[in-house]
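The values are calculated or read from the model by the stated rules, or taken from the named source; none is laboratory data. Predicted model, so just to flag it, every value in this text is computed and none were measured. Note that each Cβ is placed from the backbone with ideal geometry, even for glycine, and that neighbours are counted across all protein chains shown.
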Amino acid sequence: MPRITTRPCPADTCAALQQAGIDPTWARLYAARGVSHPDQIAHRLPQLLPPAGLLHIERAAALLADAIAANQRLLIVADYDADGATACAVGVRGLRMLGARVDFIVPNRLEHGYGLSPDIVKLAATRQPDLLVTVDNGIAAVEGVAAANALGIPVLVTDHHLPGDALPDAACIVNPNQPGCGFASKNLAGVGVMFYVLLALRAELRQRGAYAEQVEPDLRSLLDLVALGTVADVVKLDANNRTLVAQGLARMRAGKASAGINALFRAAARDPARATVFDLGFMLGPRLNAAGRIDDMALGIECLLADEPATAQQLAQRLDTLNRARRDVESDMLDEALAILADFSPTDSHSLTAWQPGWHIGVIGILASRLKDKFHRPTIVLANSGSGGAEGSLQPQRGPTGLPLAGELKGSGRSIPGLHLRDALDLVDKRHPGLILKFGGHAMAAGLSLPAGRQDEFSQAFEAVVRELLDPADLEGVIETDGELDPADHSYALAEQLDHAVWGQGFPAPLFTATFDVLAQRVVGEKHLKLKLGRDGAAFEAMRFFHSDPLPARIHAVYALMPNEFNGQQTLQLKLQHWEPAAG
């Protein structure tokens with residue numbers, strides 16, 4: 001059972017925020033998340049870190065400005081996830097606003113694999129580009145950049161992933177995580193890096209006199225896309241990223257979102273006028289990601305680039321259909337995985353590696369996340385590289401024997417706090433040369449490939465490394481809360497304010513804890529528990545989603561405040577995240 005803890009809140013910082021005019025409840029929440037000054041939560045655009053802090057960004061701006069002046073053809077090489085799709089859309093829209101001739105190409109996950117590979121360079125060369133621009137990939141594309149250089153095509157790399165031992169020989173690299181870059185926020189998503197490159201390019205064009213007689217393009221119009229990609233990629237929401245997200249949400253709520261973003265809201269039956277981080281991360285993001293997981297992310301990018309609402313809506317509906325299919329595949333894979341792992345005991349293992357040849361490689365990352373959440377262990381899920389089908393089929397490719405095609409194993413991993421997943425894979429790679437063909441990623445998520453048939457060897461090597469890197473305390477599930485909230489502070493207004501604030505990775509949404517009497521409970525929608533809870537003479541409506549088992553008469557609960565609107569009535573509900581029996 002996970003351990004419930006209370007997030008430390010420095011009393012002096014909390015007091016200072018209150019003295020600066022912050023409401024006591026909010027001061028407590030912000031102080032516990034490292035906020036020490038009101039400017040850190042003002043989310044004003046002038047507070048963004050200046051582009052000049054990014055290594056080589058002036059060189060990138062000059063490279064692009066020269067290309068625009070020469071009317072050269074630019075080709076963006078995108079990634080097939082939501083960050084890559086939004087980064088591509090920001091790049092295409094922004095570069096066109098600034099006068100460039102630009103198009104895009106995106107690898108198909110099932111056909112090409114990740115990033116700027118030699119195969120993608122060969123395909124890109126058929127478009128006869130004068131300059132390749134990578135978004136959300138490229139920092140590890142040593143072979144791909146070499147292939148482009150051999151064809152005489154320079155490459156501008158814009159990326160945010162951690163570099164490997166060697167950097168590609170690109171014409172320019174902009175990445176806050178490359179060696180020597182002193183940019184204060186290492187947490188920019190790929191879309192954030194591309195947005196910064198556009199800011200620098202506009203400044204370069206301004207210096208060259210491009211706007212002496214015309215109005216400068218307003219790059220703020222791209223912030224809805226920046227917000228979506230930043231949230232969907234689950235990067236740490238430091239102050240700089242929170243500003244990007246807050247500004248993007250503000251544009252959505254003000255009716256200034258692009259046609260594609262609005263269409264995704266409609267497909268998800270959500271209201272952009274009330275846009276929240278939850279909408280971006282759990283409603284729009286998955287629909288956009290579905291294209292790259294089980295079809296072709298070009299569909300998602302075209303949706304984001306569409307200017308006509310009708311066209312955008314048609315594309316968004318196709319994305320919604322793909323997302324429904326993705327959920328079905330995910331559910332089947334999870335059921336199969338749990339059956340395979342019926343005898344798996346987390347107490348005997350520090351890690352989890354699961355493998356089935358026919359699992360859909362576009363969905364193994366989601367499966368890894370689900371298993372990580374259930375067992376609280378760093379998790380790697382592997383499948384045959386051919387699994388996932390051709391031309392968007394949801395069935396794995398199969399050979400003459402009817403078995404999935406053999407070859408490389410593709411893997412996706414998710415980690416828990418305390419283990420930097422990419423560093424762990426790097427250690428496995430160094431100790432077992434040749435076992436991992438390639439890998440990359442972040443602290444909490446990574447991808448890799450292995451030679452076929454070596455999954456057991458990898459599992460043992462990964463377990464050995466994880467055992468060294470994790471302390472026993474790291475293996476205990478921990479639910480960090482903000483402690484108790486006075487019953488008098490429970491209100492619809494506070495719930496709505498919390499719902500509209502910017503929370504996410506590294507800046508978690510508030511959770512509270514208290515002991516309640518269970519006054520009433522009933523199952524609704526066949527799988528949810530509707531509750532009435534009592535505490536200190538006050539009664540609260542509550543929901544326990546996706547759980548229908550009855551609760552005991554008294555519980556100690558972890559919950560969030562949730563604004564509820566039904567039939568025009570606005571009420572407060574508590575959303576139960578976790579509960580334990582409480583002494584009567």
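Numbers for the structure displayed
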{"item": "Helices (runs of 4 or more DSSP H) within region 289-386 that include 2 or more residues modelled with pLDDT under 95", "result": "364-375"}
{"item": "In region 248-278, the residues that are of a type outside the set (A, V, I, L, M) and either outside any helix (DSSP H, G or I) or within 18 Å of the chain's Cα centre (by Cα) (or both)", "result": "Gly248, Gly255, Lys256, Ser258, Phe265, Arg270, Asp271, Thr276, Phe278"}
{"item": "Some residue of region 447-458 being closer than 30 Å to Gly229 by Cα and not in a strand (DSSP E or B)", "result": "no"}
{"item": "Count of residues meeting criterion [touching a residue at least 60 places away in the same chain (Cβ under 8 Å), buried (at least 19 other Cβ atoms within 10 Å of the Cβ) and part of a loop (DSSP other than H, G, I, E, B)] in region 155-170", "result": "3"}
{"item": "Unique match (being aliphatic (A, V, I, L, M), surrounded by 13 or more Cβ atoms within 10 Å (Cβ to Cβ) and in a loop (DSSP other than H, G, I, E, B)) among Leu498, Leu494, Leu485", "result": "Leu485"}
{"item": "Near pairs, Cβ below 9 angstrom, 6+ apart or cross-chain, from region 552-570 (touching a residue at least 60 places away in the same chain (Cβ under 8 Å) and closer than 10 Å to Phe516 by Cβ) to any residue that is of a type in the set (Asp, Glu) and part of a strand (DSSP E or B)", "result": "His556/Glu580"}
{"item": "Scan of region 120-144 for residues that are in a helix (DSSP H, G or I), touching a residue at least 40 places away in the same chain (Cβ under 8 Å) and β-branched (Val, Ile, Thr), ordered by number", "result": "Ile120"}
{"item": "Residue satisfying all of: in region 511-533; within 18 Å of Phe282 (Cβ to Cβ) and in contact with a strand residue (DSSP E or B) (Cβ under 7 Å, 6 or more places away or on another chain); surrounded by the most Cβ atoms within 10 Å (Cβ to Cβ) among these", "result": "Leu511"}
{"item": "Candidates Ala339, Ala310, Ala316, Ala306 - the one that is surrounded by 23 or more Cβ atoms within 10 Å (Cβ to Cβ) and either touching a Phe, Trp or Tyr at 6+ places or on another chain (Cβ under 7 Å) or not aromatic (Phe, Trp, Tyr) (or both)", "result": "Ala316"}
{"item": "Meets criteria (in a loop (DSSP other than H, G, I, E, B) and either at pLDDT 95 or above or among the charged types (D, E, K, R) (or both)) for Pro563", "result": "no"}
{"item": "Selected residue (criterion: nearest to the chain's Cα centre (by Cα)) from residues of region 189-231 that are acidic (Asp, Glu) and surrounded by fewer than 24 Cβ atoms within 10 Å (Cβ to Cβ)", "result": "Asp218"}
